[in-house]
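Structure, as structure tokens:
The values are calculated or read from the model by the stated rules, or taken from the named source; none is laboratory data. Remember, predicted model here, so these are calculated numbers, not experimental data. Quick reminder, even Gly has a Cβ in these numbers, built from the backbone with ideal geometry, and neighbours come from all protein chains shown. Just so you know, the surface numbers come from the protein's heavy atoms only, side chains and all, with ligands and any DNA or RNA stripped out. Shrake-Rupley method; radii C 1.70, N 1.55, O 1.52, S 1.80 Å.
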Amino acid sequence: MSPSLPTARSLPTARSKKQALGPYGKVGNVIDELDDRLGLAKGGRVFLDKIFPDHWSFMLGEIALYSFVVVMATGIFLALYFVPSTTQVIYHGTYTPLRGQRVSEAFQSTVNISFGVRGGLLIRQMHHWSADIFVGSIVVHMARIFFTGAFRKPRELNWTIGTLMLILAILEGFIGYSLPDDLISGTGLRIGYSIVESIPFVGSYLGTFLWGGQFPGNGAIEGRFYIIHVLIIPLVIMGLLAAHLGLLVRQKHTQFKGEGRTETNVVGSPMFPTFMAKTTGFLFMVAGTIALLGAFAQINPIWQFGSYNPSKISYAVQPDWYMGWLDGALRIMPSWEFAGWGHTVPLEVFLPAVIFPGLIFNIAFIWPALERRLTGDNELHNLLDRPRDRPKRTAAGAAMLGLLFTLFAASSTDVLANYFHVSLNFVLWAFRVLTVAVPIVVGLVTYGICKEMQGVQGIGKRKRAVIVSRSAVGEYSTVTAAPRPGDAREELDPEPVPDRIDIAPLTPAAPGASIETSPTGSRQVTR
């Protein structure tokens, strides 16, 4: 047999490369390559066609998401300069009033971030503000979900995930502002140690394990809290956030009742391009607002407090707002304790700081199941309730908010006593009474308002202007005015989203020609 002759293969020329490109150029070719390997076309099409209802209250969750993005971005910057150590050093930094003083390395590094790193103070204050906004937006977002019934079947799991994120966000915030080792954060750690130690049987062992001995310990708590703050809790929150958003995409988005809205459809804007453009702009708005707060609104100026000293404490010190309700509960609790079987349980700490928050969050966890059992409602719900249409639920939520706001105000008992020149004991007893009375009054008043609103025809609708005239004998009469721009809410007729994909090649358009869409609004996916 004669050997086979080798075949020649010519290299593509620049012109042949250009001809190999698809009708959408290099970007289209890259997408085609990814689709061949990952099958992105069908899933991506469904995702881009995801409908999001248009309502201002749905932006509350986006504020939480985008403030968390700012927290993570600024936290990475701060982690590059922060030193998690309580080792005592002599300060020789750029802040003149502290020079020559003994401070911890954690405190020194935080002050150096504020004054020695370019843009450090801005980033640090943005980090603190975004953390406060993150927790606040979660609270308001969950309040919206509660009062509108968005936690009902099939979204109980998402409600549970949101409650877990709230708990972790509060814990993360507490640990975060404890790291600088200033006088205020050290006081918070001392309270935290007392709370841990109040747990019966295991409290003293747990406190010794975390702090490395009796408070203030051997400094081990600083490094342990640092790892928890920058690694463990953020990873858990990101996992919960991914699950939360995944369930949101998987399930139908809730919407308020209205024309064209049913339990089986969603009326709104598609992910691409409308919602994606709006939410991207909202991301920059949230980030810009936090940047302005970081630039012009001072928060947590630790250089004014000094490094932590267990023998010192500051006057009129309150924690960040999301810990205020716990601080208030601790302040107004009577000095009770239980002694028996060789153990002493400080009930003045254990009840308000362990049992009470556990009770509050467990009520939140079981509320969807509790309401379903009490109402016998096992149906799927995609339409939201108006709070006035569920007076008992609305009254219960308002009573809970009244309780928490009262306890929040109780966290400033010393400031109020000093400002109004009354005894601290009087303020304490006043808040003890208010803690019981305010939720009852708020709940009853809210229930009455909801029942009253249910009986009013046309409540909640935009009111038309009227013309008031007076007759010659002094009688008044009203006539509805002609409609003005904005009186009537006009919406576009909803268009159904196509549930199929036409896999057909697109004919490249001639230069200068326009591309038209089909009358049904369906898109073609090329391969």
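Would you mind getting the accessible area per residue of segment 387-454, heavy atoms of the protein chains only, 1.4 Å probe, in Å²? Can you show the working numbers first?
Numbers: 3960 Å² over 68 residues.
With the other protein chains kept in place, segment 387-454 gives 58 Å² per residue.
Would you tally the net charge around S185, using a Cβ to Cβ cut-off of less than 12 Å, leaving S185 out, and scoring K and R as +1, D and E as -1? Numbers along the way, then the final one.
Working: positive: R190; negative: D181, D182, E222, D320.
Every neighbour counted, the sum reads -3.
By how many nm would the segment from V415 to T280 lengthen if fully extended, with 0.36 nm per residue of separation less the alpha-carbon distance?
On the way: separation 135, 0.36 × 135 = 48.60 nm, distance 4.25 nm.
That pair, V415 and T280, stretches by 44.3 nm at full extension.
Can you check what the net charge comes to around Q88, using other residues whose Cβ is under 10 Å from the Cβ of Q88 (Lys, Arg +1; Asp, Glu -1)?
0
Using the Kirkwood radius over Cα pairs, work out the Stokes-Einstein diffusion coefficient for segment 387-454 at 10 °C and 1.306 mPa s, in µm²/s as a whole number.
Details: Rh = 12.9 Å.
Roughly 123 µm²/s, to the nearest whole number.
Carbon-plus-sulfur fraction of the accessible area of the chain, 1.4 Å probe, in percent? Intermediate values should be presented prior to the final figure.
Details: 20600 of 31570 Å².
Heavy-atom surface of the chain belonging to carbon and sulfur, 1.4 Å probe: 65 percent.
Pop a pseudo-label 7 angstrom from the Cα along the beta-carbon direction at both V445 and N425 and give the gap in nm to one decimal.
The two pseudo-label positions are separated by 3.1 nm.
Quick check: net charge around V135, other residues with Cβ under 14 Å of its Cβ, Lys/Arg +1 and Asp/Glu -1?
Values: positive: none; negative: D132, E172, D320.
Charge balance in the 14 Å sphere: -3.
With 32 Å as the limit, write out which pairs from K50/K392; K257/K278; K26/K252; K153/K463; K50/K451 have Cα-Cα distances beyond it, or answer none. Could the numbers behind the result be given before it?
Numbers: K50/K392 34 Å; K257/K278 23 Å; K26/K252 35 Å; K153/K463 34 Å; K50/K451 37 Å.
Result: K50/K392; K26/K252; K153/K463; K50/K451 exceed 32 Å.
Please identify the DSSP H helices in the chain that span no less than 18 Å along the helix axis (Cα) and have a mean Kyte-Doolittle hydropathy of -0.5 or more.
Helix filter hits for the chain: 25-38, 59-79, 120-148, 156-178, 183-197, 233-250, 276-296, 356-375, 391-410, 424-454.
Roughly speaking, what is the centre-to-centre gap between segment 149-212 and segment 54-91 when only Cα atoms are used, to the nearest Å?
17 Å
Expressed in nm to one decimal, what extension gain is obtained for the pair I76 and L370 from 0.36 nm per residue of sequence separation less their Cα-Cα distance? Walk me through the numbers on the way to the answer.
Values: separation 294, 0.36 × 294 = 105.84 nm, distance 4.12 nm.
Taking I76 through L370 to full extension adds about 101.7 nm, to one decimal.
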